[in-house]
Amino acid sequence: MVLKDNIPYHVAIIMDGNGRWAVEKGLPRKEGHRHGVETVRSVVRNSSELGIKALTLFAFSTENWRRPVGEINYLMGLPEIYFKSELPELMRNNVKVNLLGSKEKLPRKVQKTIDEGREATKNNTGMILNFALNYGARTEIIRAVNRLIVDAKEGKISGAVNEAAFEKYLYTASLPDPDLLIRTSGELRISNFLLWQLAYSELWFTDVYWPDFSKRHLLNAVYDYQQRKRRFGKV
Ligand code: FPP
């Protein structure tokens, strides 16, 4: 059983394996994504119940635009499907929604859905739910550098920039780094996700495809996390 007093504050998840889940069942890939949304619903509910304070889900990367246009369109319809049915539960559970990633390239309807979700939940004080959409860590870091240069030119920065000052320019500004990163589907990669923020995160991988990721798997991940000795470079 997980220990109630050592719950990871921030959990990040690379939700992988929707396509393979579907193909192995003889279904179109989009069926995998549709079931993936069901897993999003349950993982949000279970994380919030467990006392996790921030949950970051990698939903669409800057590299995912290379997929077939039909699949991209399907994926871009998912936020609307999710928020339409889930907003009342997010409100009941006091969850606050946020976006990590660049909004500009997202279709208007996705921008609108995310804006409405953020607006509706902005005063909630429970778990923060970050959707990483059109997100890439290298793009995030370059964007931060460029924003920093602008501020420097405007005289808003004096002297050398340290880590704490730099972090304020990232999408995750003011959010503690993930304590635990989960990746499903057996892939052992970070895939350009939160490269700065994952520096000291505990990593947990499972062969389970995202549509099959259940409360039991989340509890296993948290339990394993609780057995780790986090030293942050110390002895
Ligand atoms: C990776 O599986 C999954 C994605 C690229 C999309 C993940 C999105 C969701 C689970 C839904 C997001 C929900 C909301 C509300 C935004 P894959 O297609 O790469 O699987 P494969 O590696 O087996 O092909």
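Put simply, of Ser42, Ser61, Ser85 the only residue that is more than 9 Å from the ligand (Cβ to nearest atom) and either crowded, with 18+ Cβ neighbours inside 10 Å or within 16 Å of the chain's Cα centre (by Cα) (or both) is Ser42.
Residues in the range 37-81 that are within 30 Å of Asp5 (Cα to Cα) and not aromatic (Phe, Trp, Tyr): 22 in all. Those strands (runs of 3 or more DSSP E) of the range 1-105 in which 2 or more residues are closer than 20 Å to Ala137 by Cβ and among the small types (Gly, Ala, Ser) occupy 54-61. When we screen Gly186, Gly117 for residues that are of a type in the set (Gly, Ala, Ser), within 13 Å of the ligand (Cβ to nearest atom) and within 30 Å of Arg92 (Cα to Cα), the only hit is Gly117.
Just so you know, all these numbers are worked out from the coordinates, no wet-lab data involved. Everything numeric in this text was worked out from a predicted model, so none of it was measured. For neighbour counting, all protein chains shown are included, and Cβ atoms are generated from backbone atoms with ideal geometry for every residue, glycine included.
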